[in-house]
Structure formats: structure tokens, C-alpha cells
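FYI, it's all coordinate maths here, none of it is from the lab. Nothing here was measured: the structure is a model prediction, and the numbers come from that model. Virtual Cβ from ideal backbone geometry, glycine too; neighbours counted across all protein chains shown.
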Amino acid sequence: QTSANSAFLIIRKGDFLMPFIYQITDDFPGNTGFQHFSDKQKNNVDMIYNRFHPSMTNEALAGILGNMDAEGFLNPGQGELQQNMSPQYGLGLIQWTPNAHIGDNPLQVYATSVGGLWYDGNLQCDLILTGEPGAWITTSSYPYTWEEYCQLTDIEVATKAYFHERLRGTWLDTRLTYARDWLQYIGDIPPTPPGDLWLYGGIRDVLRRLIIHC
């Protein structure tokens with residue numbers, strides 16, 4: 001693609017340089033390389049940042065990342081541990097699961113509706129960015145709409161709000177630890193220059209990947 005006023009090729013960060021890394025597996029992250037703060041996770045966090053920024057604050061995004069890290073280890077192809085990749089159990093970045101493990105997996109239903117693959121990280125980001133009406137449930141302690149969630153500026157509130165309003169289940173403090181780590185990480189990513197297409201981020205990502213893989 002080219003800009004309206006230039007013949008130079010402008011790279012959309014993520015579309016060409018940094019595909020999501022995924023592994024279709026129900027194994028533990030120690031066996032797949034998706035441990036906390038691993039290079040695989042950082043690559044995918046860069047991709048997620050590109051899709052979510054600037055539609056939400058860094059704190060709101062880090063709250064989601066901390067929960068993703070605890071749920072699907074930031075691997076779009078992750079199935080619930082040792083469940084033989086059954087769609088009746090968790091799949092993907094936030095471990096989409098049918099209610100009571102009965103019926104179709106909502107992630108696979110969405111993928112079919114848009115003609116995509118459930119383990120596509122970009123597709124999963126798109127689903128999250130819909131706000132997932134019906135799955136997003138406000139609580140008395142966390143009464144935020146999806147739009148209000150996206151503007152939160154307290155990392156603890158954001159991490160717990162995303163867990164209680166969207167994921168539910170059993171809270172573990174590691175989610176907040178992960179979120180704080182990712183907040184620091186994405187805080188070091190330069191802000192996106194004006195406009196949707198930009199070259200600077202593409203160059204930055206080339207350099208980052210060279211450093212990671214050297």
C-alpha cells in the first residue's frame with residue numbers, strides 16, 4: 001500500500017513483518033516455549049499491541065495481557081491443558097470455552113462466521129475488540145462497560161476487571177504480576193505516529209527481531 005502523497009511503500013506494522021507465533025497444543029508452556037516473558041510471548045505481545053493500540057490505555061491492554069498469559073500463555077493455538085484439543089474446553093489466547101463445556105466453542109463459531117481459522121491470533125484480537133456482547137458481564141465490584149474498561153488507568157483494577165467481567169473462574173495473583181510486567185514492556189514501545197500506516201514501527205520491529213534472534 002502507498003500513502004496518498006508518496007510513492008514509497010509504507011509498511012503496516014504486523015501485517016508483513018511480525019506474524020503471530022502459534023503452536024496448536026494442549027501441552028504446558030515449559031514444553032512449547034511460551035513461558036512468561038519468552039521471546040515467543042514478546043513477539044505476540046508486539047502483535048497484540050499493534051491491534052489494540054490506540055483504542056485503549058496501556059493499563060487496560062496490560063490487564064488483558066496478564067490474563068492472556070495466565071490463560072493461554074499468549075499462544076493463539078493453545079488448548080486447555082491435557083484435554084486433547086477438545087473444543088468443549090478452552091481454546092486460544094483467553095481460552096474461549098462453551099458454557100458448562102456443552103455446545104460449540106464460541107471461538108470456532110466466530111472463526112466460521114468470518115471465514116477464518118480459530119488459531120489465528122489476529123482473528124482472536126478482532127473478536128476481543130468487539131467487546132463480546134453477552135460474554136462481557138458487569139459486576140457490582142467491576143461495573144464497567146467494555147468502552148469504560150478500555151479507558152481504565154489503574155493496572156490492578158484493569159486486570160481484575162477483565163478477569164471478573166469477561167473470564168471469571170479462579171483468581172490468581174500471578175495474573176496481576178504478569179500484567180505489571182507487560183505494562184512495563186509495552187510502555188517501552190514507542191507511541192504510534194499519526195495515521196494508520198507507518199514506516200517507523202516496521203523498522204523498529206525488524207531491529208527488535210534481529211536482536212532477539214542473534
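Structure data summary
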| quantity | calculated |
| --- | --- |
| Projected-area mean, the stretch 39-189, by convex hull of Cα positions, square nanometres | 8.6 nm² |
| Per-peptide average of other Cβ atoms within 10 Å, ordering 20-33, 66-79 highest first | 66-79, 20-33 |
